[in-house]
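**Q** Starting off with a structure, shown below.
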Amino acid sequence: MSNIHDQAMHYIHQQVLERLLNHMSQAQRASLQLLIQRLLVAAGGPEYIGTFRLLVLQGSDRRSAHLLAILRAAQLSIALRAPVTFQLRVVVVCLPAASGALLEHHERSFNALFMHDDPRVQLQMVDAGEVVAFSRRPSAVAKPWMLARDALLLFGHLVDGRPEALLGSRMHLELAATLRQVLEGEPIVDAWVTPIPLPQRRRYLAWARRALRLAGGGGAASLHLCMATLAAHMSQLHDAAGMPLLEPGTLGCDQVPALPTRLIAIDDLLPQLLGEGELDAMMQCRYEPAEEATPLAAFLDPLALAQLHDLRSRCRMPASGRQALHLVGPQPMLQASLSKGYGVEQTQLLCMLYSPIADHGRGLEHFLQSRHADMLVALPYLHRALQGRPCPDAVKDWLVNTSGLSLAQLRAVYDGRLHRSARRLLASLARRDVHLALLGRPPGAAGPAAGRDSDEA
């Protein structure tokens with residue numbers, strides 16, 4: 001029975017490979033052969049290819065989908081020529097959280113490539129900061145990533161509530177923390193392959209070194225030698241940025257593992273491998289021009305950014321009848337992304353976007369007038385609570401529930417208590433969007449992290 005099953009699977013995989021090759025251009029097929037040779041060399045030779053494990057972080061863009069198809073073709077091509085082939089570990093990443101529609105998109109791709117029932121393929125996804133088995137149905141129970149939740153809220157209140165800053169370079173720190181989990185977990189991967197081209201990778205490394213210097217961790221000269229080392233350093237930076245109110249610690253020293261996790265460079269093959277072709281049709285995927293993310297933004301949910309923009313623009317409108325703001329249309333999608341990833345309610349997002357607590361509650365009265373007129377009578381008690389003075393418990397509860405932060409965190413935001421290194425780091429993070437492009441300063445930026453120690457490079 002086992003022999004019959006193996007023969008059937010061999011026939012199916014042969015059919016999948018033929019379909020892939022038929023949907024590739026001549027340039028793609030030629031580049032595929034070069035990629036196969038490169039993978040065999042990276043493994044140490046054909047005799048070691050069976051134990052060679054390759055990691056792919058799967059984004060939601062066309063480049064990621066095409067690379068996965070090419071790697072699957074390489075895996076099946078080697079399997080048809082030799083007794084064994086390399087192992088492929090695919091981790092679907094979409095921050096803050098993957099929507100059901102996006103998971104269905106990946107499911108179609110995996111089905112077209114016949115990856116689910118292949119023991120040489122491991123399919124995983126990131127769910128609330130954890131790496132779990134891939135499932136096309138998002139978890140029904142929200143499991144917020146608490147560190148990321150507090151980091152988001154504190155960042156918005158203390159530094160910059162603009163969507164590009166909130167979901168900008170911070171996302172790369174969260175991605176690094178996830179990558180560290182992947183690389184430190186089992187099974188161990190030998191190498192990583194990515195469709196991100198060299199100029200973008202260099203931009204990321206320059207930004208990483210600069211951020212580490214601001215956090216007191218040095219330039220980390222060995223970041224380019226090992227993906228595990230890079231992920232470890234940036235994960236530590238993620239933790240430091242997520243807890244800015246604590247006494248900053250010392251970031252780990254440079255230590256390259258005995259067997260570093262390598263990046264297999266395929267930059268010379270990317271134009272051909274990821275170029276125009278018929279792979280989209282084969283994988284049953286459609287990409288609108290507006291959804292074509294740049295390489296560094298491939299792991300961010302574009303809907304979350306657009307909907308946060310919509311929410312912020314509505315914050316600036318006059319409140320009708322002093323009623324709380326409610327989104328129409330995009331609200332369920334916004335909550336699916338931000339609430340599932342962080343456990344942040346819309347009321348707390350609104351509070352963060354107004355940033356009423358910072359600078360000794362300078363914007364608190366305006367926030368109440370705009371969205372919580374019934375609490376205006378309690379304004380003096382709100383200030384007393386934020387100053388640590390006696391006040392009714394109901395006032396404290398309202399502050400905690402409305403902001404999503406603890407009373408201790410709110411009082412630190414109110415007083416602007418930030419260590420110098422944390423202030424510099426957060427200001428630097430606020431200056432870069434998800435493409436790591438420089439952002440202009442927000443209008444009227446003033447606050448503890450704005451202006452004094454920011455990094456302009």
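**Q** What spacing in nm lies between the two simple spin-label points modelled at Arg314 and Val377, each 7 Å away from Cα in the Cβ direction?
**A** 2.8
**Q** So how strong a dipole does region 43-140 carry about its Cα centre when Lys and Arg Cβ are +1 and Asp and Glu Cβ are -1, to the nearest 20 debye?
**A** Values: 10 positive and 8 negative charges, 45 e Å.
So the magnitude is around 220 debye.
**Q** While we're here: Where does each of Met282, Met146 land when they are ranked from fewest to most other beta-carbon atoms within 10 angstrom? Each step should come with its number before you reach the end.
**A** Numbers: Met282 18, Met146 13.
Lowest to highest Cβ neighbour count: Met146, Met282.
**Q** Here is a follow-up. Take Arg262 and Arg286, extend 7 Å from each Cα along the Cα→Cβ direction, and tell me the distance between the two endpoints in nm.
**A** 4.2
**Q** What is the gain in length, in nm to one decimal, between Gln181 and Leu34 on full extension, counting 0.36 nm per residue of separation less the C-alpha to C-alpha distance?
**A** Working: separation 147, 0.36 × 147 = 52.92 nm, distance 3.10 nm.
My answer for the length gained is 49.8 nm.
**Q** How large is the dipole of region 142-189 about the Cα centre if only Lys and Arg carry +1 and Asp and Glu carry -1, each at its Cβ, rounded to the nearest 20 debye? Can you show the working numbers first?
**A** Details: 5 positive and 6 negative charges, 24 e Å.
Its charge dipole is roughly 120 debye.
**Q** Let me ask another. Exposure proxy check: Met9, Met227 ranked by fewest other beta carbons within 10 Å?
**A** Values: Met9 14, Met227 22.
Going from least to most buried by this count: Met9, Met227.
**Q** From the phi angles alone, apply the Karplus equation (6.51, -1.76, 1.60; θ = phi - 60°) to region 58-63 and give each ³J(HN,Hα) in whole Hz, x where the residue is Gly or Pro.
**A** So the J values, rounded to whole Hz, are 9, x, 9, 9, 5, 4.
**Q** Another question, then. Hey, what do the phi angles of region 27-32 turn into as Karplus ³J(HN,Hα) couplings, whole Hz, using 6.51/-1.76/1.60 and θ = phi - 60°, x for Gly and Pro?
**A** Along region 27-32, the couplings run 5, 5, 5, 5, 5, 4 Hz.
**Q** Applying the Karplus parametrisation 6.51 cos²θ - 1.76 cosθ + 1.60 with θ = phi - 60° to the phi angles of region 299-306, what ³J(HN,Hα) value in whole Hz is obtained for each residue in order, glycine and proline being reported as x?
**A** The phi angles translate into 9, 10, 6, x, 5, 4, 5, 5 Hz.
**Q** Once amide H atoms are built 1.01 Å from N in the peptide plane, which residues 5 or more positions from Leu95, or in another chain, come under 5 Å H to H?
**A** Amide H to amide H, under 5 Å and 5 or more residues apart or across chains, Leu95 pairs with Leu300, Asp301.
**Q** Going by amide H atoms built from the backbone, whose H comes under 5 Å of the H on Asp127, apart from near neighbours?
**A** For Asp127, the qualifying residues are Val132.
**Q** For the pair Val132 and Arg108, how long in nm is the line joining their label points, each one 7 Å along Cα→Cβ?
**A** Roughly 2.4 nm, to one decimal.
Every number here is computed from the coordinates shown, using simple stated rules; none is lab data. All values derive from a computational prediction rather than experimental measurement. Cβ coordinates were reconstructed from backbone atoms using ideal geometry, including for glycine residues, and neighbour counts include every protein chain displayed.
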